Amino acid sequence: MKPSSKSEQADDYNERGISYFNLNRYPDAIKEFTKAIKLIENEPDFYFNRGLAYYSMKMLEQAIKDYSKSIELDPDHSDYYNAIGAAYDDIGDLNKAIDAFNKAISLESDIPDYYYNRGNVYWKMKKYELALKDFDKAVELNSTDQIFIYRRHELLLAMGRYEDAIADLDAAIRIVPDNYQYYLAKSEAYEKLGDFKSAMKCIEDAEKLLPDPGLLSERKREIAGKMS
């Protein structure tokens, strides 16, 4: 049955656009979102959705233009600012990215991804303590997502806080115990501490999770050479 009103037709195009987007058919999604926009020009979600499709195609300037339009139409939607912040980050406009994430957080202060995204930008700006504060907040808001914990470990490692980095890796392993990469990351942290015995133990733990333990032979020889 054909939609009976302009609004229903626009919603239909938007839903089809979302379906194409979920199938990674971004050009088709953009066509459908554009049809929706032509029918209803003041619906912010239509621009936002098209912006997401442009972003997925790395067409960042077009994405920013659409995100900006969605913000113009609805300036109180935190996700719009988070999305445009990510686009500004990708084009290297870090100050605008920070401003956008600040706005997202001011509108909705309990979304861990906003802090995580802002923390990544602060890290790029070499503002390590601010980055760490944001990663801490992301972990506080969602301590079950190992991505936030692992990213914080990477920053702690860069800051030379190796014991704290290892503690984060232990937390990540508790969440996903079969991820061999976490054990390898622990071996690197122990290596930086000069604790080669513990580094070797971590490599051996990683080996148990691999179908071909021989893949880590070179890494084991490297550590063994430092133990002698």
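The values are calculated or read from the model by the stated rules, or taken from the named source; none is laboratory data. These numbers were taken from a predicted model, which means no experiment stands behind them. Cβ atoms come from the backbone with ideal geometry, glycine included; neighbour counts cover every protein chain shown.
Observations
- Residue that is touching a residue at least 24 places away in the same chain (Cβ under 8 Å), surrounded by 14 or more Cβ atoms within 10 Å (Cβ to Cβ) and not polar (S, T, N, Q), where the choices are Leu156, Leu210, Leu169: Leu156
- So Leu94, is it on the phi < 0 side of the Ramachandran plot, touching an Asp or Glu at 6+ places or on another chain (Cβ under 8 Å) and of a type in the set (A, V, I, L, M): no
- For beta carbons closer than 9 Å, sequence separation of 6+ or different chains, a first residue in the stretch 90-109 that is exposed (fewer than 14 other Cβ atoms within 10 Å of the Cβ) and of a type outside the set (D, E, K, R) and a second that is at pLDDT 95 or above and not in a helix (DSSP H, G or I), the qualifying pairs are Asn95/Met125.
- For the stretch 51-81, taking the residues that are among the small types (Gly, Ala, Ser) and over 15 Å from Ala100 (Cβ atoms), the one that is surrounded by the fewest Cβ atoms within 10 Å (Cβ to Cβ) is identified as Ser56.
- Qualifying residues in the stretch 174-207 (those that are out of contact with any Cys (no Cβ under 9 Å at 6 or more places or on another chain) and of a type in the set (Gly, Ala, Ser)) - the one surrounded by the most Cβ atoms within 10 Å (Cβ to Cβ): Ala199
- Scanning the stretch 13-30 for residues that are touching a residue at least 12 places away in the same chain (Cβ under 8 Å) and over 20 Å from Ala83 (Cα atoms), we see that the one that is surrounded by the fewest Cβ atoms within 10 Å (Cβ to Cβ) is Arg16.
- For the stretch 31-44, filtering for residues that are surrounded by fewer than 18 Cβ atoms within 10 Å (Cβ to Cβ) and under 20 Å from Leu73 (Cβ atoms) leaves 6.
- Close pairs (7 angstrom Cβ cut-off, 6 or more residues apart or separate chains): under 10 Å from Ala87 (Cα atoms) in the stretch 58-69, at pLDDT 95 or above and of a type in the set (A, V, I, L, M) anywhere: Leu60/Ala87; Leu60/Ile91; Ala63/Ala87; Ile64/Ile84; Ile64/Ala87; Tyr67/Ala83; Tyr67/Ile84; Tyr67/Ala87
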